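Working notes, beginning with the structure itself.
Any read-out appearing in this document is the output of simple, stated calculations on the displayed coordinates, not a laboratory observation. Note that the coordinates shown come from a computational prediction; the quantities given were computed from them, not determined experimentally. Neighbour counts are summed over all protein chains in view; Cβ atoms, including those assigned to glycine, are modelled from backbone coordinates with ideal geometry.
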Amino acid sequence: MGLVKTHHIGEYCKHGTVRTETDDDARIVIRFYDFKTKSPIRESAIFDFVDKHKIQWYLEDNMSAYYADKVMDKIYA
């Protein structure tokens, strides 16, 4: 597994916490966790590295645009 980042966003995110993982095959896995109960994955999606717009739209559907931009900056840094 490559780069793993966890973002505890809270009420501006659908389930509160989002975790992004980038692997060696240039795939990005985005997983949403419940912030309060730390329960297992509530929602997840897999994208290719070149699907930047699809990732942005997916994140904006699940959190505010401001935090979606912050997560995108960490993925594509």
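Apply the Karplus parameterisation 6.51 cos²θ - 1.76 cosθ + 1.60, with θ equal to phi minus 60°, to every residue of the range 15-28 and state each ³J(HN,Hα) to the nearest whole Hz, in sequence, with x for glycine and proline.
My calculation for the range 15-28 gives 10, x, 10, 10, 10, 10, 10, 10, 9, 6, 8, 6, 9, 10 Hz in order.
Please list, by residue number, every one of the trypsin sites (Lys or Arg not before Pro) in the range 26-77 that is coil in DSSP and has at most 16 other beta-carbon atoms within 10 Å.
Qualifying residues, ordered by number: Lys36, Lys38, Arg42.
Over the chain, how many percent of alpha carbon pairs lie in each 10 Å bin up to the one with the longest distance?
Using 10 Å bins, I get a P(r) of 20, 58, 21, 1 for the chain.
Could you put Asp51, Asp24 in order, starting from the residue whose Cβ has the fewest other Cβ atoms within 10 Å?
Asp24, Asp51
Cβ under 9 Å from Ile30's Cβ, Ile30 left aside: what net charge do those residues give with Lys, Arg +1 and Asp, Glu -1?
0
For the range 1-58, which GluC sites (Glu not before Pro) are in a loop by DSSP, counting at most 15 other Cβ atoms within 10 Å?
Glu11
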